[in-house]
Amino acid sequence: FDSSAGGRAIPPRSMGKVDRCEKLKKEAANVRRRVVAQTKVAERNAEKEAKEQERLQEERLAEERAKAKQSGPTRFERAMQDGNSNSTFARASKVVGQVEESGSEHGEEDVTAGESSPTQRTTQPKKEERVSKKKQQAARHLDEITLLTLEQKAARQERIKMRLLRMLGIGLFLEAYRDRGSKPAAKAASKESGKGKKKGASAGQEWSVGRVRETLNVYGGPILMVLFTLALFGARIMGEDFVPDQMTEDGVNHYEVMGVASDVDSMGLRKAYKALALSWHPDKNPGCEACAAKFSKISQAYEVLSNAETRKAYDQRRAPDGSLESMSSVDLTGEDFEVRVLRSNEVWFVQVYDPTDGFCNSFHPLWEDIAHKYANVAKFGRLDAVKHRRALGQLPQRVGMVPLVWRFARGLEPALFMPSVSAMEEGGSAPLGRFVQDSLPKLAQISSQGEFQSWWNRNPSRPKTLILSPAVRRGSKSEHLMQLQRAAQLWGEFSDIRISDAKTVKLAGAQAPGSNWTVAVKAAGPHGVVTEEVMHLPELRDVPNFVQDTISRLIVNVQAPHVTVRNHQQLCGPHGGLRTYCLILVNAPKDGDKALDELNSSRTSFLHEVQELRSSDEDATEEPFHVQPARVSTSSSRLPWLPVAAGPSFYAVWAEAEKAPAFILELETRRIAPVKTSSLRELYQQIAYDEMKFKELSEGISLVRALPDPEVPLRREMLHILTTLPGGVSAWLLLAVSIAIVPELSLVTGAAVVGAGVALIVAAWPLASRRALGLLV
């Protein structure tokens, strides 16, 4: 209302417009104030929650640090105190410092930037507070990770330690001692928690889930170690009866005792007996009980063979009707089967039979007939499948039916003959005879002059023997040719033997093709001198013995081979009825030319003395004997083509020889004598004139187990090592450490560690290295 306007009223629209603008401004200001207040309240609440969480974390960390300090300062604290700049924790502290510095720099930049604005200056304390919180959180986070890592590592070490102690049995006593103090508290807690509860269901649930796992964790390791120890003792007990050189024979082959063939005439038999009697007579060997026993066998054999009637009865010997006793083959056992058959250079035919089986009874006469007929061609033996089940595991395949006949020969896969009733009814022993003939190792043949020249001039250090027949005789099955096949198999380790005919091969020094057989030998003697020898023989029957004698003489003159279980009979056994002594050179150099020169000089001098003595005195009784040099090494090579070390019993044998670098061993009588002189130029004279003092080996010493055996099964050698005290303790500790550590590793790391351990064992174990390289080469 305006009085100057005559009392007229002012329109209300202009007045209301101004009021609404102010009102809107006031409402907007109120909204801003409420938003700011709510934001501040939310920030204060968030800050309170953050402080509460920080307080809880600090309390938890303080408790963990207090527990850790009870056992001494942690690695983190020691590293921080020592100031070791190379430690992981020092590097972590540097990272924290860099984070703090970077945070402070950012904070200073924010402050500097905010000085230009009053609004930014008001927010500067908040930014500094946020930066400090971030630094504190980063430090706490890093400290938590480090502490967690240390706790995990300490827990892992504690588990490994307790697991190892449990495996060794010590952990059981420690846990029992700790449980003694915790039993009262545990009983009280169980009484309080057990009020009002049924014990049956809770106990059953506890055993099914927790207690079983805990019991296995505590007692599983000791039980496993006890089982491992029992297994070692069992292997030791089972291996104690393996004495391969204590062989038993139910029958005696008188021809083998005399060292003659089955078709020897009376003059040859008398000559062989005279030579053996001069060598083995008790008067010539005072104090030698084995010599007296040997002479008794020689006398018995000569008594049987020298009489025509008793010899005929012996040649036609048969077992009593209805009996499975064999008179033409030897009975093998589980103890001697491996060394006599599988470790022999001979060709063996072994019959597996059951004495209660009717078919075996029917097959027995046929077996006896073939074994007697081919006695000079191969060795025949029998294995009782009921009595000697242990030996059945060494056969190439499982025995399902009997009888079976196996052929074993060095370097060849075993051959099997299965008799049938129909074949026996039609052909009798003929099928078995054909199997013997066809399965004998074949002689390597030369088919052209060029092939001969290439073979003859290749590898001069390897002795070679060539047999030339007067005509082509391929497919011949004569007994003498089969004896030649046996000789080639028996001595093939020491000489490369091949056969051809005089029309195919032209050899210098050989006669024109005719009716004579030609034997040519080429070998590199001492100092690398190559010698060739050609000999003509009128009959094939003379060739097998000549080849054996020539190679035997060749070994003595030009080389001292390494003796093994397989070749010890060829090296140290009787040669042509002569008494044989084996000169063992321990750790001799590869080129033993000096020892061979001295030995050859001694032999030549002794033979000259014997010849002069016989020419001057008709009653002279000195007879030549044979000394075979052989080498033995006490260390084994990891390469399969180099010699292997001697057997486990060698050191006992060597101790009997006073650890001399060379000693004489007589295999037949088990006598030994050390060579005390530095030179071998008088060795033959020392043996002949009893200047060398022999003594018999103890009964408990196994000669065969003393010899090197490159073919010994890896499993048996491992059992032998584990059954010794050092080997068993080492394996026991290795198993305990492996079981304690491997569960803490990842799958990949565990596989890598196990593989590295196996590779290390193979590299450290010479026999395993030889087998592994043998598979690769």
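The values are calculated or read from the model by the stated rules, or taken from the named source; none is laboratory data. Note that this is a predicted model, so its numbers are computed, not measured. Reconstructed Cβ throughout: ideal geometry from the backbone, glycine too, with neighbour counts over all protein chains shown. To get the accessible areas, we keep the full protein, side chains included, count just its heavy atoms, and leave off ligands, DNA and RNA. Shrake-Rupley method; radii C 1.70, N 1.55, O 1.52, S 1.80 Å.
Does VAL563 fit the bill of being surrounded by 22 or more Cβ atoms within 10 Å (Cβ to Cβ) and within 19 Å of ALA660 (Cα to Cα)? Considered against the rule, which asks whether it is surrounded by 22 or more Cβ atoms within 10 Å (Cβ to Cβ) and within 19 Å of ALA660 (Cα to Cα), VAL563 comes out as yes. Screening region 421-450 for residues that are farther than 13 Å from MET482 by Cα and hydroxyl-bearing (Ser, Thr, Tyr) and picking the one that is surrounded by the most Cβ atoms within 10 Å (Cβ to Cβ) gives SER429.
Confirm whether LEU707 is open to solvent by less than 70 Å² (accessible area, probe 1.4 Å), touching a strand residue (DSSP E or B) at 6+ places or on another chain (Cβ under 7 Å) and at pLDDT 85 or above. Taking the combined requirement at face value, the residue does not satisfy it. Report yes if GLN453 is touching a Lys or Arg at 6+ places or on another chain (Cβ under 7 Å), surrounded by fewer than 17 Cβ atoms within 10 Å (Cβ to Cβ) and more than 20 Å from PHE546 (Cα to Cα), otherwise no. Taking the combined requirement at face value, the residue does not satisfy it. Being more than 15 Å from ALA371 (Cβ to Cβ), more than 34 Å from the chain's Cα centre (by Cα) and either outside any loop (DSSP other than H, G, I, E, B) or not aliphatic (A, V, I, L, M) (or both) is a property that holds for GLU426. Reported count of residues in region 322-342, each being under 22 Å from VAL399 (Cα atoms) and open to solvent by 20 Å² or more (accessible area, probe 1.4 Å), is 8. Would you please name the residue that is most open to solvent (accessible area, probe 1.4 Å), looking only at residues in region 479-530 that are at pLDDT 80 or above and in contact with an Asp or Glu (Cβ under 6 Å, 6 or more places away or on another chain)? Ranking the qualifying residues of region 479-530, first place goes to LYS522. Here are some residues: LEU697, LEU719. Which one is buried (at least 16 other Cβ atoms within 10 Å of the Cβ) and more than 28 Å from GLY393 (Cα to Cα)? Matching residue, one of LEU697, LEU719: LEU697.
Among the residues of region 324-335, those that are part of a loop (DSSP other than H, G, I, E, B) and at pLDDT 85 or above comprise SER329, THR333.
Taking the conditions exactly as written (open to solvent by less than 10 Å² (accessible area, probe 1.4 Å), in contact with a Cys (Cβ under 8 Å, 6 or more places away or on another chain) and under 26 Å from LEU342 (Cα atoms)), does LEU571 satisfy them or not? Before you say what the answer is, go through the steps one by one.
Numbers: open to solvent by less than 10 Å² (accessible area, probe 1.4 Å): yes; in contact with a Cys (Cβ under 8 Å, 6 or more places away or on another chain): yes; under 26 Å from LEU342 (Cα atoms): yes.
Yes: the conditions hold for LEU571.
Looking at region 614-621, can you tell me whether even one residue there is at pLDDT 85 or above, in contact with a helix residue (DSSP H, G or I) (Cβ under 8 Å, 6 or more places away or on another chain), over 29 Å from LEU767 (Cα atoms) and β-branched (Val, Ile, Thr)? No, region 614-621 has no match at all. Just for region 743-777: of the residues that are closer than 23 Å to SER730 by Cα and β-branched (Val, Ile, Thr), which one is nearest to the chain's Cα centre (by Cα)? It comes out as VAL762.
Is there a residue in region 462-473 that is modelled with pLDDT under 90, closer than 25 Å to LEU540 by Cα, among the basic types (Lys, Arg) and open to solvent by 50 Å² or more (accessible area, probe 1.4 Å)? Looking through region 462-473, at least one residue is modelled with pLDDT under 90, closer than 25 Å to LEU540 by Cα, among the basic types (Lys, Arg) and open to solvent by 50 Å² or more (accessible area, probe 1.4 Å). Check region 641-648 and report whether any residue there is farther than 30 Å from PHE546 by Cα, at pLDDT below 80 and under 34 Å from the mean Cα position of the chain (by Cα). Looking for residues that are farther than 30 Å from PHE546 by Cα, at pLDDT below 80 and under 34 Å from the mean Cα position of the chain (by Cα), one finds at least one in region 641-648, hence yes. Would a scan of region 364-371 turn up a residue that is part of a helix (DSSP H, G or I), out of contact with any Phe, Trp or Tyr (no Cβ under 9 Å at 6 or more places or on another chain) and aromatic (Phe, Trp, Tyr)? Among the residues of region 364-371, not one is part of a helix (DSSP H, G or I), out of contact with any Phe, Trp or Tyr (no Cβ under 9 Å at 6 or more places or on another chain) and aromatic (Phe, Trp, Tyr), which makes the answer no. Scanning region 393-411 for residues that are more than 19 Å from GLU335 (Cα to Cα) and among the small types (Gly, Ala, Ser), we see that the one that is surrounded by the fewest Cβ atoms within 10 Å (Cβ to Cβ) is GLY400. Sort through LEU607, LEU667 and tell me the only one that's more than 16 Å from ALA588 (Cα to Cα) and surrounded by 14 or more Cβ atoms within 10 Å (Cβ to Cβ). Step by step, each of LEU607, LEU667 is checked, and only LEU667 is more than 16 Å from ALA588 (Cα to Cα) and surrounded by 14 or more Cβ atoms within 10 Å (Cβ to Cβ).
Taking every residue in region 446-468 that is of a type in the set (Val, Ile, Thr) and pairing it with any residue that is outside any strand (DSSP E or B) and open to solvent by less than 10 Å² (accessible area, probe 1.4 Å), at least 6 positions away or on another chain, the pairs with Cβ-Cβ distances below 7 Å are ILE446/PHE452; ILE446/TRP455; ILE446/VAL505; THR465/SER495; THR465/VAL547; THR465/ILE551; ILE467/VAL543. Cβ separations smaller than 7 Å between residues 6+ apart or across chains give the following pairs from region 654-678 residues that are without any contact (Cβ under 8 Å) to a residue 40 or more places away in the chain and farther than 24 Å from PRO282 by Cα to residues that are surrounded by fewer than 19 Cβ atoms within 10 Å (Cβ to Cβ) and of a type in the set (A, V, I, L, M, F, W, C): LYS676/ALA660.
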